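The block underneath contains the structure these notes are about, expressed in C-alpha cells.
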Ligand code: ATP
Ligand code: MN
C-alpha cells in the first residue's frame with residue numbers, strides 16, 4: 001500500500017474544513033460512543049481527534065492503543081473542548097498492531113521507573129515528555145554547531161579506536177584489534193591539540209568512553225563530549241567562548257523549544273553573564289569557613305563541591321587549580337608555577353567542563369609526562385607534532401548530558417541519553 005500521507009498533524013487547522021487528508025500515526029486513546037468511535041491519533045508533531053462512523057469502524061475490531069494506523073478523512077468542525085477541528089474518517093487502515101500488555105504505559109498515566117523505561121526506550125519515546133527531551137537535545141546540538149561555526153571553529157572527527165593510552169592507562173576500555181590491544185578513546189585531547197596546526201580553531205561533538213565504576217547520576221561509561229581547541233587563545237579566552245556558548249544554548253532553546261518545555265514541565269531560565277569566576281584558593285577559604293581544612297593541592301571531593309555549590313548557585317568557574325591536580329598537557333601560570341592556567345565550569349556542585357591553556361613546548365611536555373609517571377616514548381607521534389609549528393593553544397571539554405540536565409532540571413544523565421551505558425547497563 002502506498003502511504004500518500006498528505007500532512008503532519010501540526011499542519012492541520014480549523015481553516016481547512018472540508019479538505020481531504022491522509023494521516024499516519026499511533027492511537028493514543030479510543031472511546032466508543034454509540035455508533036461512533038473517537039480516536040486520538042498522535043504523530044511526532046502533534047495529536048488529532050478522529051471520528052469513525054459505524055460503516056468505517058469494522059476495521060477497528062481488536063484495535064489496541066499504540067497501534068499504527070493510516071487515516072483517510074476530511075477535516076470538520078468539532079465540539080470537543082481540547083481540539084479545534086476533527087478528522088472524519090472515511091477509511092482506517094491498521095498498519096501495525098501494538099501487542100498488549102505493553103511493558104510500560106507510554107503516555108505516562110502510570111509512572112514507570114527509569115530502568116523499566118530504559119528497557120523499553122523506543123516505547124518510552126511515545127511519552128511526550130521523553131520525546132521532548134530528545135527534541136530539545138537536537139536543538140541544543142544545532143545551537144552548539146551554529147554558535148561555534150559563527151566563531152570560526154571547524155568541526156572535526158577524531159578516532160575513537162586508539163592504539164595507545166593517550167592520557168595514561170586508567171579508565172580506558174581495551175579491546176582486541178587484529179591481534180593487538182587497542183582502546184576506546186576517553187577524549188579527543190591529543191588529536192584536537194594537533195589540529196590547531198592548520199585548522200587553528202576546531203570542535204568535536206562525539207561519544208567518549210570512561211571505564212569508571214561510578215554509580216552516580218552524572219557518570220556514564222559512554223558520554224557525549226563537546227570539545228574545542230583554539231590556537232592563539234589563553235584559558236580566559238576559551239572561558240569566554242564557553243560562557244557565551246552556554247548562554248546561546250539557553251537562549252536558542254528557550255525561544256525555539258516552547259512546546260518541548262511545556263511537555264517536559266520546565267521553563268528554561270536564561271542565566272546572566274558573566275559567570276562568576278573564583279579561584280581554587282578562594283574555594284579552600286570558603287571550605288575553611290565550613291570547617292573543612294584542605295591543604296593546597298588536595299582535590300575537591302563531591303562533598304566539598306556540594307558545600308561550595310550551596311553558596312554559588314547556577315553557573316560559575318573555579319580557576320587556577322594546582323598543577324599537581326591537572327593532566328600533563330596543562331600550562332603553568334607564569335607568576336606562580338605551582339598554579340595552572342586551568343578551570344572547571346560548575347553548575348552548583350556539578351562539574352560541566354574542564355579546560356585550560358596547554359603546553360606547546362615539547363621539552364616541557366616531556367618532563368611533565370615523566371613527572372606524572374607516563375612514558376614519553378609512548379607519545380612519540382604526539383610529541384613530534386610539537387616540532388612542526390605548534391601554536392600556543394587552549395581548549396575545553398564539556399559534557400553534553402550534564403549540560404542538558406541543567407537545562408531541563410533533572411538530576412540523572414540517563415534521562416537525556418537514548419541507551420545509557422554504565423557498569424550495570426550494557427543492553428539494550
Ligand atoms: P568527574 O570528576 O565529574 O568524573 P572529570 O573531571 O573526570 O569528571 P573531564 O575529564 O574533565 O571529566 O571531562 C570533561 C567533561 O566531560 C566533564 O566536566 C563532564 O562534563 C564530562 N564527563 C567526563 N566524564 C564523564 C562521564 N563519565 N559521564 C558523563 N560525563 C562525563
Ligand atoms: Mn574535569
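Is it the case, given these coordinates, that residue 262 is over 23 Å from residue 216 (Cα atoms) and over 18 Å from the mean Cα position of the chain (by Cα)?
On the way: over 23 Å from residue 216 (Cα atoms): yes; over 18 Å from the mean Cα position of the chain (by Cα): yes.
Spelling it out, residue 262 is indeed over 23 Å from residue 216 (Cα atoms) and over 18 Å from the mean Cα position of the chain (by Cα).
For region 201-221, a residue qualifies if it is under 24 Å from residue 153 (Cβ atoms), out of contact with any helix residue (DSSP H, G or I) (no Cβ under 8 Å at 6 or more places or on another chain) and either in contact (Cβ under 8 Å) with a residue 60 or more places away in the chain or within 16 Å of ligand 2 (Cβ to nearest atom) (or both), and the qualifying residues are 208, 209.
When we screen 46, 34, 18 for residues that are touching a helix residue (DSSP H, G or I) at 6+ places or on another chain (Cβ under 6 Å) and surrounded by fewer than 17 Cβ atoms within 10 Å (Cβ to Cβ), the only hit is 46.
Which helices (runs of 4 or more DSSP H) does region 123-222 wholly contain that include 2 or more residues that are surrounded by 21 or more Cβ atoms within 10 Å (Cβ to Cβ), at pLDDT 95 or above and within 16 Å of ligand 1 (Cβ to nearest atom)?
Values: elements: 128-150, 189-194, 196-199.
Helices (runs of 4 or more DSSP H) meeting the threshold: 128-150, 189-194.
Number of residues in region 87-120 that are over 30 Å from residue 19 (Cβ atoms), touching a helix residue (DSSP H, G or I) at 6+ places or on another chain (Cβ under 8 Å) and exposed (fewer than 15 other Cβ atoms within 10 Å of the Cβ) equals 3. On inspection, residue 324 fails the criterion of being away from ligand 1 (no atom under 16 Å from the Cβ) and over 29 Å from residue 250 (Cβ atoms).
Considering only region 57-69, I want to know if a residue exists there that is in contact with a helix residue (DSSP H, G or I) (Cβ under 8 Å, 6 or more places away or on another chain), in a loop (DSSP other than H, G, I, E, B), surrounded by 14 or more Cβ atoms within 10 Å (Cβ to Cβ) and in contact (Cβ under 8 Å) with a residue 60 or more places away in the chain. Reasoning before the result, please.
Going through region 57-69, the residues in contact with a helix residue (DSSP H, G or I) (Cβ under 8 Å, 6 or more places away or on another chain) turn out to be 66.
With in a loop (DSSP other than H, G, I, E, B) added as a condition, the list becomes 66.
Filter once more, so that each one left must be surrounded by 14 or more Cβ atoms within 10 Å (Cβ to Cβ): 66.
Remaining after also requiring in contact (Cβ under 8 Å) with a residue 60 or more places away in the chain: 66.
Checked region 57-69: at least one residue is in contact with a helix residue (DSSP H, G or I) (Cβ under 8 Å, 6 or more places away or on another chain), in a loop (DSSP other than H, G, I, E, B), surrounded by 14 or more Cβ atoms within 10 Å (Cβ to Cβ) and in contact (Cβ under 8 Å) with a residue 60 or more places away in the chain.
Of everything in region 332-387 that is under 20 Å from residue 239 (Cβ atoms) and more than 16 Å from ligand 1 (Cβ to nearest atom), the residue that is surrounded by the most Cβ atoms within 10 Å (Cβ to Cβ) is 359.
The values are calculated or read from the model by the stated rules, or taken from the named source; none is laboratory data. On a predicted model such as this, the values are computed, not experimentally measured, just so you know. All Cβ positions, even for glycine, are placed from backbone atoms using ideal geometry, and neighbour counts span all protein chains on display.
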